[in-house]
Amino acid sequence: MPHFFRKLRQRRRPFCSALVAAAGQSSRMGAAGNKLFLPLCGIPVLVHSLQALSQAASVDEIVVAAREEDIVPVSDLCRAYGIAKPIKIIRGGKNRAESVMLAALEADRRAELLAVHDGARPLVTPALIDDVISKAAHCGAAAPAVAVKDTIKRVDRDGRVEETPGRSSLRAVQTPQVFTADLLKAALQSALDDGAEITDDCSAVERLGKAVYLTEGHDENLKITTPADLLAAEAILQERWS
């Protein structure tokens, strides 16, 4: 192969589909309702997440796994806010693993990488997304993370402290979590077949004995889980925009 074409092939960016988990129940938001539709500085939480993915240079398409009753409202939001990237909205499953698997199966056949992002992480930046995708393109599995600030205790069922792990080796993992397409599908299928409870997609991949590498996350890339998180996100966005 001529040197020029070899270099061109080496520079080719892998096709990446972003899978957005948006089918949760928002149970910890109380009477506030579905957190993804709550206004954050006047724009729904989910729209912030979709805009960041749409602006990321490494993302080629977006697949949103939503609750069945939310498919039309999510479609309406995408049109209203002009999400530029190709986007599909599908019905999610009964849990996160099933929802992500369904989204993965709907991804473009060209997708070599799948980037799984929580719809409720609206403060993620396009630069962070691109960084994680770049890492996964080299190592096969990557996720952003930040150092743990609080002291962590491992407790038993009665609340008695069993262990205090050292903070130096602990990280709080965020999203997007990015994997080669075949690896993520195999990991999720294995977890679903075994009925394994997984809290994120990295843990599904780790069950297969595969290595996951962490990149530098950002403290502002928080997940909206409670009303207090929404207030914190409002303050961060107002500071960004001031």
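The values are calculated or read from the model by the stated rules, or taken from the named source; none is laboratory data. Please read all numbers here as calculations on a predicted model, not as lab measurements. Glycine also receives a Cβ, built like all others from the backbone with ideal geometry; neighbour counts cover every protein chain displayed. These area figures cover heavy atoms from the full protein model, side chains too; ligands, DNA and RNA do not enter into them. Shrake-Rupley method; radii C 1.70, N 1.55, O 1.52, S 1.80 Å.
Okay, here's what the table says:
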quantity	calculated
Elements of type strands (runs of 3 or more DSSP E) contained in segment 90-183, each with 3 or more residues being of a type in the set (A, V, I, L, M) and buried (at least 18 other Cβ atoms within 10 Å of the Cβ)	113-118, 141-147
Evaluation of residue 193 against (1) touching a residue at least 24 places away in the same chain (Cβ under 8 Å); (2) within 19 Å of residue 100 (Cβ to Cβ) (one fails), failing number	(1)
Residue selected from segment 55-89 under the condition part of a helix (DSSP H, G or I) and among the small types (Gly, Ala, Ser), by the criterion least open to solvent (accessible area, probe 1.4 Å)	75
Verdict on residue 210 being more than 28 Å from residue 37 (Cβ to Cβ), among the charged types (D, E, K, R) and in contact with a helix residue (DSSP H, G or I) (Cβ under 6 Å, 6 or more places away or on another chain)	no
Residue in segment 1-25 that is modelled with the highest pLDDT, counting only those that are open to solvent by 100 Å² or more (accessible area, probe 1.4 Å) and not charged (D, E, K, R)	25
Selection count where residues are crowded, with 19+ Cβ neighbours inside 10 Å and of a type in the set (Gly, Ala, Ser), scope segment 33-54	3
Pairs with Cβ under 8 Å, 6+ apart, first in segment 146-164 and more than 30 Å from residue 128 (Cβ to Cβ), second assigned to a strand (DSSP E or B) and of a type in the set (D, E, K, R)	155/162; 156/162; 161/154; 162/154; 163/154; 164/154
Of all residues in segment 225-238 being closer than 20 Å to residue 173 by Cα and in contact with a strand residue (DSSP E or B) (Cβ under 8 Å, 6 or more places away or on another chain), the one that is surrounded by the fewest Cβ atoms within 10 Å (Cβ to Cβ)	230
Qualifying residue in segment 190-213 (condition: modelled with pLDDT of 95 or more, surrounded by fewer than 20 Cβ atoms within 10 Å (Cβ to Cβ) and in a strand (DSSP E or B))	yes
Number of the exception - residue 179 against (1) in contact (Cβ under 8 Å) with a residue 60 or more places away in the chain; (2) over 23 Å from the mean Cα position of the chain (by Cα)	(2)
